[in-house]
Amino acid sequence: MPRPIIIDTDPGIDDALAIMLAAASPEIDLLGIVAVAGNVGLEKTAPNAAALADLLRLDIPVGRGAAGPLWRRDTKPAWDVHGEDGFGGYTLPASTRVLEPGVPLMARLIEQSADPVTVVAIGPLTNIAGLITHYPETARKVERFVIMGGGTLDRLGNTTPAAEFNIYYDPDSAAKLFDFGVPITMVGLNVTERALVGLQHLPDLVASGGPAAKMVEHMMGNYHSEPTEDGMAQHDSVALAAALDPSIIETGHYFVDVENVGRLTSGMTVVDFAGHSGEQPNCDVALSVDLPRFRALLNTRVAQLDARLKES
């Protein structure tokens, strides 16, 4: 049976590829997409999510979630990475979809699902905190929250020395999730920055030449502020891949807390590897990814999706 999934996202270049992977994977029943402010503002991420759903012919609802963090007012979007529009200047036709209020939509989809839902949160966790606050019993029905965020001591931060972007953007929401007592898988920078993917790793997708391929070629080939010879880190796609096939990552079960008040360390994910806190483990922490399998999954799945889009 396909696993029911809701994607909470701030599209975003790597978010777009993660959503493509979800749309391409028969193991997943994608129930809906909810946008949140992060990589760019909500005035961009919500239309981007809707336009991407149109491109992928997704017959699912799209929600408009939180426009900013719970309390912080000093965080800024990642324009330097994703461009002012979130897609590095790649323009999709504007969607005419009516966007539902994001957190109520998420709650409704969880309650209506016949099977427990996995929430894949690949942006700041503001919507998740809203779900926990306003629909706590519904939030406890979630089978697992798979988040792209944070990191371990060998790679903590890409926004500050101590903090990854999604957690730094709204550390109070992240702290609320980790304190809530539900199953969490944290896919952090210590793994995602090793998940480099370039067009040379996606030959089937490039050869397909359809609408998904054209978008990916622009975002990964023609546009990216920090390309490497091995490609760009596919942060969000690793989290999505871990939701559809948990064996693609190696994890360890540890207690994790989020620093949300520190002057220098706000947004830091503190992973208690040695058990010094005395707290019970609350998170499956990603430690490594099977990179050849991950690259092959992206290549074959999104190429198959692109072929279907060309035919429709």
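Computed values, structure above
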| quantity | calculated |
| --- | --- |
| Share of carbon and sulfur in the accessible heavy-atom surface of the chain [1.4 Å probe, %] | 52 percent |
| Computed magnitude of the charge dipole of the chain (debye, nearest 20; Cβ of K, R +1, Cβ of D, E -1) | 460 debye |
| Per residue convex hull volume, Cα atoms of the range 166-312, in Å³ | 140 Å³ |
| Column: log10 I(q)/I(0), Debye, Cα scatterers of the range 68-116, q = 0.18, 0.20, 0.23 Å⁻¹ | -0.94, -0.96, -0.94 |
| Protein-only accessible surface order, largest first, of Met215, Met220 at 1.4 Å | Met220, Met215 |
| Å³ per residue enclosed by the Cα convex hull of the range 14-66 | 72 Å³ |
| Additional length obtainable on full extension of the chain from Arg293 to Asp179, 0.36 nm per residue less Cα span | 37.8 nm |
| Centroid-to-centroid separation of the range 52-99 and the range 224-302 [C-alpha atoms, Å] | 22 Å |
| Relative contact order, percent, the chain [alpha-carbon distance under 8 Å, six or more residues apart] | 20 percent |
| Mean projected area in nm² (Cα convex hull; one quarter of hull surface) for the range 80-157 | 7.8 nm² |
| Shape of the chain, Cα gyration tensor, a/c cut at 1.5 | rounded |
| Kirkwood Rh, angstrom, the range 114-158 [1 / mean 1/r, Cα pairs] | 11.9 Å |
| Sequence ranges 138-145, 11-18, ranked by mean other-Cβ count within 10 angstrom, highest first | 11-18, 138-145 |
| The range 49-96 - Debye-derived log10 I(q)/I(0), Cα point model, q = 0.23, 0.28, 0.32, 0.33 Å⁻¹ | -0.99, -1.07, -1.14, -1.16 |
| The range 160-220: Rg to Rh, with Rh as the Kirkwood radius over Cα pairs | 1.16 |
| Theoretical gain in end-to-end length, Lys310 to Glu193 [0.36 nm per residue, Cα-Cα removed] | 38.9 nm |
| Peptide ranges 24-30, 55-61 listed from the most packed, as the mean C-beta count within 10 angstrom indicates | 24-30, 55-61 |
| Probe 1.4 Å, accessible area per residue of the range 222-301, Å² | 49 Å² |
| Mean residue ellipticity (222 nm) of the chain, computed from DSSP H runs ≥ 4 via -39,500 (n - 2.57), nearest 500 | -10000 deg cm²/dmol |
| Three-way shape label, the range 90-209, alpha-carbon gyration tensor, a/c 1.5 | oblate |
| Whole-Å distance, taken between Cα centres, linking the range 128-190 and the range 1-44 | 16 Å |
| Order of exposure, largest accessible area first, which applies to Glu193, Glu279 with probe 1.4 Å | Glu279, Glu193 |
| Relative contact order for the range 163-312, counting Cα pairs under 8 Å that sit 6 or more residues apart, in percent | 38 percent |
| About the Cα centre, charge dipole magnitude for the range 13-114 (Lys/Arg +1, Asp/Glu -1 at Cβ), debye | 280 debye |
| Volume in Å³ per residue [convex hull over Cα atoms, computed for the range 7-135] | 96 Å³ |
| Relative contact order, percent, the range 112-196 [alpha-carbon distance under 8 Å, six or more residues apart] | 35 percent |
| Loop sites in the range 211-312: trypsin sites (Lys or Arg not before Pro), DSSP, at most 15 other Cβ within 10 Å | Arg263 |
| Overall Cα dimensions of the range 227-312 - principal axes, largest extent first, Å | 55, 28, 28 |
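The values are calculated or read from the model by the stated rules, or taken from the named source; none is laboratory data. Note that the structure is predicted; figures quoted are calculated from it, not measured. Methodologically, a virtual Cβ is constructed for each residue, glycine included, from the backbone with ideal geometry; neighbour enumeration extends over all protein chains shown. Surface accessibility is based on the protein's heavy atoms, side chains included, excluding ligands, DNA and RNA. Shrake-Rupley method; radii C 1.70, N 1.55, O 1.52, S 1.80 Å.
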